[in-house]
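Worksheet: the structure to be examined is printed underneath.
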Amino acid sequence: MRARTLPHSRLRSSGGTPIRHKATALAAVAVLGAGLLAGCANDSGGSGDSGSGGDSKGKTTITLGLFGTMGFKEAGLYKEYEKLHPNIKIQENAIERNENYYPALVNHLTTNSGLMDVQAVEVGNIAEVTSTFASKLVDLSKVSGVQKSNWLDWKWQQATTKDGQTIGLGTDIGPLAICYRKDLFKAAGLPTDRDAVSKLWTGSWDKFVQAGEQYKKKAPSGTTFMDSPGGLLQAILAGESTRFYDSSGKVIYKSNPAVKAAFDTTAKAAQEGLTGAQTQFQPAWNTTIANGKFAAMSCPPWMLGYIKGQSKPDAKGKWDVAQAPKAGNWGGSFLTVPKSGKNVAEAEKLVAWLTAPEQQAKLFATQGSFPSAPGAYTTPAVTGAKNDMTGDAPIGTIFAAAAKNIPVQVIGPKDQIIQQGLTDNGVILVTKGKSPADAWATATKTIDNNLEK
C-alpha cells in the first residue's frame, strides 16, 4: 500500500478509490515480516534527510520527492547507497497522500521548476505523466545498467512513450490474490486448503460470487462473504486489458462491456448481501477487519500489511492466500528523473540502483512492496517470505505466480476519477438500497461531471 495509494492509494487495477487511499493505508500498517516502521511526512512538509547522520558538507545531496511510505529509507537502502558512494547524501521529501502530492508534481512539471532530483509517480498517474510530460523527464532506458529485461514487460511499457522513451523505472506492483479467513470458511462449510479454495473460482469472477452464495447459506452470524463492493469491483477490473480508455486515448468506460459486466457482477453480490456495506480504507471498514466480519477480500501484497495493522492479536494465523479468479494488478509506482534537476547524472545512478532486482527484493522483505523485477522472484527474500496473519503460506511464491500472468493494461490519464466514481458513487449505493441501474446512472453522471472539470 505506501498502495501503495495506499491507495496506495496503492490502485491499482491501476486507478480508483483504493489507490487514492493507498499511501495513507500503507503508512499505517506493519510489514509482511517483522519490524515495519511507517514513517510518513505530514502533508505540509517533507520527511527530512535519510537519517544517515553525518555532515553533508562537500557531498552531493540527491533529493527525492515521494508520496506515502515507499520504504526505501525504512529498508535501509539510502544508508546502503551512501556507504557505497561516500560522496553522496540522500534527502527524502515525502507527502503522505498521493492526492496532495500529485497535483503539486503536475504544477512543477508544467512550470519546469521546483522539482526534486527524483520524483515518484503513482501507477494511476503514469499514463498522464508519460503522455504529457515526457519532454521534461530523462529517458531512463539509456542509463548505464538499466536493462528492459529486468522488469515485467507490462510494467516497463506503462512508463514508455509511443516513440520509445522510458521516463520511469518501476518500483513495486500489486499482483492480485484473495485473502480469506480459514476459520470462517470452515464454519460455512467451504474448503480451507488454499489450492482447493483457488479451484472454487478459477477463471471466473462469477464463480467467485457463487462461492459467496455458498458461504451465505451457513455464514457465521454477522459476517459477509466479502469486505466491500468497491474491493470486488476493483479486483475484477484489475484483470481487464481495456477498461476506461481505448488504445487511442478515447474514454470508453460507459460503452465497454467489460466495465458494465464488472459493475453488474459486483452489484449482484452487493444486492444479495454477499459484501459488506463499507467503503474501503474508512474507519468503519477498518472495524470490520478488526472484528472479523468478513471472510474474503481482494488482496494485493500490500493489503497483507494493512490486514495485520488493523487486526486484533487473535487473528494471527487465521488468514490464508488463494489465487484470484483471474490475474490482475492493483498497485505500483515509478521513479522518474526530471531533466531540470540539480544532479541529473547522480539521480540516474540512484534510481537505477534503487529499482534493481536486488534492492526490490530487500524492499519486499522489509516493507511488503512486491517487486516489478522478476529477477527478484527467486531470491530467498521473496521465496521465503511469510506473514504473521497467514502463517506458513508461501506468499512470495503465490504473488510471483500472479505477477507473471498480469495483462498489459491500457491506462488513461483520469483512471482514478473513473474508478472512484464507479465505487464511491456507484456500487456502494446498492448496499444502501439503490437498484443496480440507478447506481450505474449515478456513477456515470458523477464521473462525466468530474471529467469535464
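The values are calculated or read from the model by the stated rules, or taken from the named source; none is laboratory data. Nothing here was measured: the structure is a model prediction, and the numbers come from that model. Cβ sites come from the backbone with ideal geometry, for glycine too, and all protein chains shown count toward neighbours.
Here are some notes:
- Single condition Q210 does not satisfy, out of (1) surrounded by fewer than 24 Cβ atoms within 10 Å (Cβ to Cβ); (2) in a loop (DSSP other than H, G, I, E, B): (2)
- One residue stands out among those in region 234-266 that are farther than 30 Å from K162 by Cβ and of a type outside the set (F, W, Y): the one that is surrounded by the most Cβ atoms within 10 Å (Cβ to Cβ), which is T266.
- All conditions but one from (1) closer than 30 Å to N286 by Cβ; (2) of a type outside the set (D, E, K, R); (3) in the same structural domain as G65 (by TED's automatic domain parsing) apply to G309; the one that does not is (3).
- Filter result for I411 (under 18 Å from A269 (Cα atoms) and not aromatic (F, W, Y)): no
- Pair list, Cβ < 8 Å and 6+ apart or interchain, from region 342-353 residues that are small (G, A, S) to residues that are crowded, with 20+ Cβ neighbours inside 10 Å and in a helix (DSSP H, G or I): A352/L140
Conditions (1) in a helix (DSSP H, G or I); (2) small (G, A, S), marked per residue:
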{"residue": "A127", "(1), (2)": "yes, yes"}
{"residue": "K162", "(1), (2)": "no, no"}
{"residue": "L184", "(1), (2)": "yes, no"}
{"residue": "G189", "(1), (2)": "no, yes"}
{"residue": "L200", "(1), (2)": "yes, no"}
{"residue": "K216", "(1), (2)": "yes, no"}
{"residue": "A219", "(1), (2)": "no, yes"}
